[in-house]
Amino acid sequence: MNDTRLTTTWHDAPTQFAKVDGLPFAYRELGPVGGVPVVFLHHFTAVLDDWDPRVIDGVAANHHVITFDNRGVGASGGTVPSDLEAMGADAVAFIRALGYDTVDLIGFSLGGAVAQMVALQAPDLVRKIVLTGTGPRGGGGIDKMARIVGWAYLKAALARKDPRHFLFFPRTTEGKRAATEYFARLAERTEDRDQPISPWAGVAQLRAIVRGGKTRPDDLSVITQPAFVANGDHDLMVASEHSIDLARRLPNSQLTIYPDSGHGGIFQYHREFVPAVVEFLDA
């Protein structure tokens with residue numbers, strides 16, 4: 001790793017485009033050039049601007065960070081696939097289109113499921129993997145997903161808030177404070193912002209999530225790369241028990257469950273999460 005830096009902060013990282021199978025994929029990169037890049041895979045309905053700047057900047061302080069919109073998401077071209085395997089294949093194609101043959105992965109929620117697909121489809125591509133707010137395919141309970149999301153969107157509409165207030169954070173005093181601070185951080189970038197995800201793209205993602213939940217479980221014992229699994233202790237979207245089960249199925253894993261937090265536990269506990277991830281990547 002050398003001292004050349006792409007850009008200083010997430011606030012300033014320009015949006016770029018790479019051609020993947022003839023389609024433009026939107027991405028941003030920052031941090032030191034060199035070493036193993038850390039590729040972030042984001043959550044259901046998320047685009048580039050939905051990454052917490054404190055998490056991105058914290059990892060990018062000493063690592064080359066790349067975030068991107070997968071096929072059909074945000075400013076990227078094409079149509080969102082309706083299955084996780086295809087999302088994983090698209091992520092592999094994007095990474096290879098940038099010319100990398102080894103990366104670390106950080107996947108949150110849906111991104112964690114896609115990261116598992118990448119590790120299963122192209123194990124030679126992955127050095128280490130961080131899986132947060134996610135579980136294994138076929139873990140069960142996925143039939144509740146649409147109802148939970150629908151109920152959160154209804155409450156959000158009535159309260160005139162982003163649904164993630166209800167999906168990511170507990171409705172406690174501490175949870176509400178963490179949510180307010182999280183959304184304030186997301187608003188820090190005011191220029192060169194990404195396009196929001198389209199409604200039909202979100203529906204396709206939801207179909208992929210539900211299909212993945214009903215699929216026969218993958219043999220995760222073949223993912224032998226070091227894995228860091230994290231979640232909150234009261235995740236409404238992906239039951240915390242699924243993250244525990246995921247860590248159990250991965251032969252070389254470590255697990256962190258953050259107390260009094262939910263699906264967005266890594267954002268609520270970003271001050272603890274970032275140093276832990278950096279230590280994991282550098283070990």
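Structural remarks
- Of all the criteria given as (1) modelled with pLDDT of 90 or more; (2) farther than 22 Å from residue 27 by Cα, the one not satisfied by residue 209 is (1).
- Some residue of segment 226-249 being touching a Gly at 6+ places or on another chain (Cβ under 6 Å), touching a residue at least 60 places away in the same chain (Cβ under 8 Å), buried (at least 21 other Cβ atoms within 10 Å of the Cβ) and more than 26 Å from residue 122 (Cβ to Cβ): yes
- Sub-9 Å Cβ pairs linking a first residue in segment 179-191 that is basic (Lys, Arg) to a second residue that is surrounded by fewer than 18 Cβ atoms within 10 Å (Cβ to Cβ) and assigned to a loop (DSSP other than H, G, I, E, B), at least 6 apart or interchain, are 189/11; 189/12, ordered by first then second residue.
- Among the residues of segment 226-258, those identified as assigned to a strand (DSSP E or B), among the hydrophobic types (A, V, I, L, M, F, W, C) and more than 17 Å from residue 59 (Cβ to Cβ) are 255, 257.
- Residue 263 being out of contact with any helix residue (DSSP H, G or I) (no Cβ under 9 Å at 6 or more places or on another chain) and either within 23 Å of residue 87 (Cα to Cα) or among the β-branched types (Val, Ile, Thr) (or both): no
- Every condition in (1) crowded, with 23+ Cβ neighbours inside 10 Å; (2) closer than 25 Å to residue 212 by Cα; (3) modelled with pLDDT under 95 holds for residue 83 except the one numbered (1).
- Of all residues in segment 127-151 being of a type outside the set (D, E, K, R) and more than 20 Å from the chain's Cα centre (by Cα), the one that is modelled with the lowest pLDDT: 141
- Residue within segment 259-281 that is part of a loop (DSSP other than H, G, I, E, B), surrounded by fewer than 19 Cβ atoms within 10 Å (Cβ to Cβ), out of contact with any Asp or Glu (no Cβ under 7 Å at 6 or more places or on another chain) and not acidic (Asp, Glu) present: no
The values are calculated or read from the model by the stated rules, or taken from the named source; none is laboratory data. These figures come from a predicted structure and were not determined experimentally. Backbone-built Cβ (ideal geometry, glycine too); neighbour counts: all protein chains shown.
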